[in-house]
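Only one structure is covered here, and it is reproduced in the block below.
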Amino acid sequence: MKLTLAHDHQLPTGVLGFALKPNGTRGFAACADGLIYDVDLVTGKHEAFAERHTSYASGCILLPDGSTVISAGYDGRILWHEVETRRCWRQVQAHRFWSWQLAMSPDGRLVASTTGQYLAGGWKYEPAAETEPSVVVYDVLTGERIAAFPHTPPVLSCAFSPDARYLAAANMQGEVRVWDLRGGGAGEPVSRWSTPDFTSWGSTKTHHFCGGIYALAFSPDGSALLGCGMGPMTDPMAGNGKMTWQRWDWRKGERTAQIRDGQHGSGLMESVAWTPDGAHFLMAGRQAQGTWNAALFASADGGLVHSVDTKKRITHARFGADGRTVILAGANGQPGRKDGVWPAWGRVQVYRIEEA
């Protein structure tokens with residue numbers, strides 16, 4: 001299998017969240033200018049929604065009926081937008097700090113958001129305790145908060161299980177927790193574990209923890225949980241930690257596979273996604289050193305199947321419903337103004353998955 005570029009579209013600013021219509025012809029991008037864009041993935045034509053976040057728009061999901069987009073941002077708000085009119089019809093203040101990541105349950109009934117600010121809690125710069133719940137869950141239909149779970153901030157990623165019963169969340173220190181949503185929205189995790197392979201203590205230029213698990217995804221059959229991010233590094237300011245993924249038996253909290261030696265470079269991986277049949281998964285992000293920033297892996301043995309270097313930062317990867325296309329959304333650097341004009345630096349790329 002190989003990835004072949006079919007379309008390369010520009011958006012005004014970098015993409016931090018992305019939702020895809022099942023037929024793969026249309027997407028919705030949450031961008032650094034606070035706006036949500038409706039994007040035609042064939043022509044690249046895009047139009048902004050009416051309401052914007054007052055800071056970066058960091059997350060974006062599309063409800064199963066295709067009529068509503070829900071977005072989240074660094075202003076801590078979650079917004080409900082009508083697709084047809086592009087008007088915002090509901091908003092809730094989910095956090096006092098940023099929404100790091102937004103996720104929707106597969107049945108379209110729940111939306112989860114994670115937050116948390118890294119503040120020093122002691123002389124070792126261990127994270128201070130959270131000042132608000134780091135993981136919250138809302139009812140999509142009513143807009144009511146139905147669950148709030150504690151974690152160690154900052155919590156960078158979350159994912160629902162395929163049956164929508166379980167919610168997983170992970171943080172900068174490589175700590176993963178999984179809750180049973182049938183427990184009434186409170187209580188202890190049904191599973192939790194920690195891995196040192198996604199975090200490190202800076203020993204050059206700055207002294208703090210860096211790295212983290214930036215994306216989580218349950219396997220289509222629900223048996224495994226996949227996470228990606230950046231591993232240990234000497235200089236956190238360089239962002240040159242190991243590009244890495246791990247797969248876990250989440251019920252036991254045990255690692256079952258990880259990226260092989262020699263198949264990775266250095267950089268931050270920000271997105272993981274499974275093919276609909278579960279036979280492969282894709283990891284993508286930004287590269288500091290190496291030969292690729294997006295790669296397909298075989299689920300059976302974890303081996304690298306094919307990789308590409310897009311020369312850009314990838315924040316989200318989404319497969320089409322047929323598993324034959326994948327959308328890579330992100331940014332082409334972060335440029336300054338030229339002659340008083342900001343260049344278009346957001347990117348949405350459409351790749352076909354073909355036989356090698």
Pull up region 160-188, narrow it to residues that are in a loop (DSSP other than H, G, I, E, B) and among the aliphatic types (A, V, I, L, M), then point me to the one that is farthest from S134 (Cα to Cα). A164
Output the residues belonging to region 262-294 that are surrounded by fewer than 23 Cβ atoms within 10 Å (Cβ to Cβ) and among the acidic types (D, E). D277
Which of the strands (runs of 3 or more DSSP E) contained wholly in region 1-107 include at least 3 residues that are more than 21 Å from V326 (Cβ to Cβ)? 68-73, 77-82, 88-93
Output the residues belonging to region 298-335 that are over 15 Å from M1 (Cα atoms), assigned to a strand (DSSP E or B) and free of Cβ contacts under 8 Å to residues at least 60 places away in the same chain. I314, A317, L328
Which of the numbered conditions does G143 fail, given that it passes all the others? Conditions: (1) in a loop (DSSP other than H, G, I, E, B); (2) surrounded by 18 or more Cβ atoms within 10 Å (Cβ to Cβ); (3) in contact with a Lys or Arg (Cβ under 7 Å, 6 or more places away or on another chain); (4) touching a residue at least 40 places away in the same chain (Cβ under 8 Å). (2)
Please go through (1) farther than 23 Å from A279 by Cα; (2) crowded, with 21+ Cβ neighbours inside 10 Å for Y166 and return the number of the only condition it doesn't satisfy. (1)
Restricting to region 182-240, name every residue that is under 20 Å from Q101 (Cβ atoms) and modelled with pLDDT under 80. G185, F209, G239
What number of residues within region 168-188 are free of Cβ contacts under 8 Å to residues at least 60 places away in the same chain and closer than 20 Å to Y214 by Cα? 9
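The values are calculated or read from the model by the stated rules, or taken from the named source; none is laboratory data. Treat the numbers as computed from the prediction; the structure is a model and nothing was measured. Quick reminder, even Gly has a Cβ in these numbers, built from the backbone with ideal geometry, and neighbours come from all protein chains shown.
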